[in-house]
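The values are calculated or read from the model by the stated rules, or taken from the named source; none is laboratory data. Since the model is a prediction, treat every value here as computed from it, not as a measurement. Counting neighbours? That spans all protein chains shown, and the Cβs are built from the backbone with ideal geometry, glycine included. Just so you know, the surface numbers come from the protein's heavy atoms only, side chains and all, with ligands and any DNA or RNA stripped out. Shrake-Rupley method; radii C 1.70, N 1.55, O 1.52, S 1.80 Å.
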Amino acid sequence: MGQKINPLGFRLGTTQSHHSLWFAQPKNYSEGLQEDQKIRDCIKNYVQKNRRISSGVEGIARIEIQKRIDLIQAIIYIGFQKLLIENRSRRIEELQLNVQKELNCVNRKLNIAITKISNPYGHPNILAEFIAAQLKNRVSFRKAMKKAIELTEQTDTKGIQVQIAGRIDGKEIARVEWIREGRVPLQTIGAKIDYCSYTVQTIYGVLGIKIWIFVAAE
């Protein structure tokens, strides 16, 4: 059997860098990891609550966290201007308070910055959210996958693979369906590949979406 590995972890140190930058002693490491997860969940929940209802996409490409002794810096890479941009400073303050309350960090300052990314549909997280929104609205999965690939072709990516697994279209037996456009060289460590896995709750059960995007070769 082929041994599957996460393409991001496989390329760490070559084409991929860490999304969290901090140092901890072995006994405190798990606490730091859980803290990161809390920060990410809190930010995503806040964006989900405050987004426009019409768009089913959160539009967060990734959240990078850097920690120092007295400071936690979170950088949100966002795809769409409308998110958190209106009343920007007030929204960021509110978000900071929410996260601080969640972490109850007394002696550390929290700083949240927002960075706009140029090609939102070139990022797998945003594409996965788009597909999830389509599947929730009962659009056929093939149509959703093809539409996602069309959106990616407008950006300058070299290839994309989309996979959906679970009770697709409400069928009794779960199955895996996938579609590929262009090249996706998963074995080549020099190839920069962006990847995400995303779960979506539909009325039939949970579906898993995986997206690989071949960004560039070194």
- Query: Among the numbered criteria (1) modelled with pLDDT under 90; (2) open to solvent by 20 Å² or more (accessible area, probe 1.4 Å), which single criterion is violated by Leu95?
  - Reply: (2)
- Out of curiosity, is Ile92 in contact (Cβ under 8 Å) with a residue 40 or more places away in the chain, under 30 Å from Gln66 (Cβ atoms) and assigned to a helix (DSSP H, G or I)? no
- When restricted to Lys210, Lys158, Lys192, Lys171, the only residue basic (Lys, Arg) and either free of Cβ contacts under 8 Å to residues at least 12 places away in the same chain or farther than 26 Å from Gly13 by Cα (or both) is Lys171
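Specify which of the listed residues (Glu153, Glu177) is among the charged types (D, E, K, R), over 15 Å from Gly122 (Cα atoms) and out of contact with any Gly (no Cβ under 8 Å at 6 or more places or on another chain).
Answer to the check: Glu177.
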- When only residues in region 201-211 that are over 14 Å from Ile126 (Cβ atoms) and β-branched (Val, Ile, Thr) count, which is farthest from the chain's Cα centre (by Cα)? Ile203
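Taking the stated definitions as given, is Ala24 surrounded by 12 or more Cβ atoms within 10 Å (Cβ to Cβ), in the same structural domain as Arg91 (by the TED database), hydrophobic (A, V, I, L, M, F, W, C) and not in a loop (DSSP other than H, G, I, E, B)? Break it down stepwise before answering.
Numbers: surrounded by 12 or more Cβ atoms within 10 Å (Cβ to Cβ): yes; in the same structural domain as Arg91 (by the TED database): yes; hydrophobic (A, V, I, L, M, F, W, C): yes; not in a loop (DSSP other than H, G, I, E, B): no.
For Ala24, the condition - surrounded by 12 or more Cβ atoms within 10 Å (Cβ to Cβ), in the same structural domain as Arg91 (by the TED database), hydrophobic (A, V, I, L, M, F, W, C) and not in a loop (DSSP other than H, G, I, E, B) - is not met.
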- Are any residues in region 183-209 in contact with a helix residue (DSSP H, G or I) (Cβ under 7 Å, 6 or more places away or on another chain) and open to solvent by less than 30 Å² (accessible area, probe 1.4 Å), and if so, which ones? Ile193, Cys196, Val200, Thr202, Leu207, Ile209
- Are any residues in region 187-207 in a strand (DSSP E or B), more than 16 Å from Ala165 (Cα to Cα) and out of contact with any Lys or Arg (no Cβ under 9 Å at 6 or more places or on another chain), and if so, which ones? Asp194
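Let's see how each residue does on (1) of a type outside the set (Val, Ile, Thr); (2) under 19 Å from His123 (Cβ atoms):
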{"position": "Arg142", "(1), (2)": "yes, no"}
{"position": "Lys147", "(1), (2)": "yes, yes"}
{"position": "Gln161", "(1), (2)": "yes, yes"}
{"position": "Ala165", "(1), (2)": "yes, no"}
{"position": "Asp169", "(1), (2)": "yes, no"}
{"position": "Val184", "(1), (2)": "no, yes"}
{"position": "Ser197", "(1), (2)": "yes, yes"}
{"position": "Ile213", "(1), (2)": "no, yes"}
- Pick from region 8-46 the residues that are in contact with a strand residue (DSSP E or B) (Cβ under 6 Å, 6 or more places away or on another chain) and without any contact (Cβ under 8 Å) to a residue 40 or more places away in the chain: which of them is nearest to Ile211 (Cα to Cα)? Arg40
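Return the residue satisfying two criteria in turn: it lies in region 121-132 and is of a type outside the set (S, T, N, Q) and open to solvent by 20 Å² or more (accessible area, probe 1.4 Å), and of such residues it is nearest to Ile209 (Cα to Cα). First the steps, then the outcome.
Step one: filter region 121-132 for residues of a type outside the set (S, T, N, Q), giving 121-124, 126-132.
Remaining after also requiring open to solvent by 20 Å² or more (accessible area, probe 1.4 Å): 121, 123, 130.
On the way: Tyr121: 15, His123: 14, Phe130: 11 Å.
Checking each candidate, the answer is Phe130.
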- Task: Would you point out the residue of region 113-131, among those that are in a strand (DSSP E or B) and not small (Gly, Ala, Ser), that is nearest to Lys146 (Cα to Cα)?
- Result: Lys116
- Task: Scan region 139-182 for residues that are open to solvent by 70 Å² or more (accessible area, probe 1.4 Å), out of contact with any Phe, Trp or Tyr (no Cβ under 7 Å at 6 or more places or on another chain) and either modelled with pLDDT under 90 or in a helix (DSSP H, G or I) (or both) and report the count.
- Result: 7
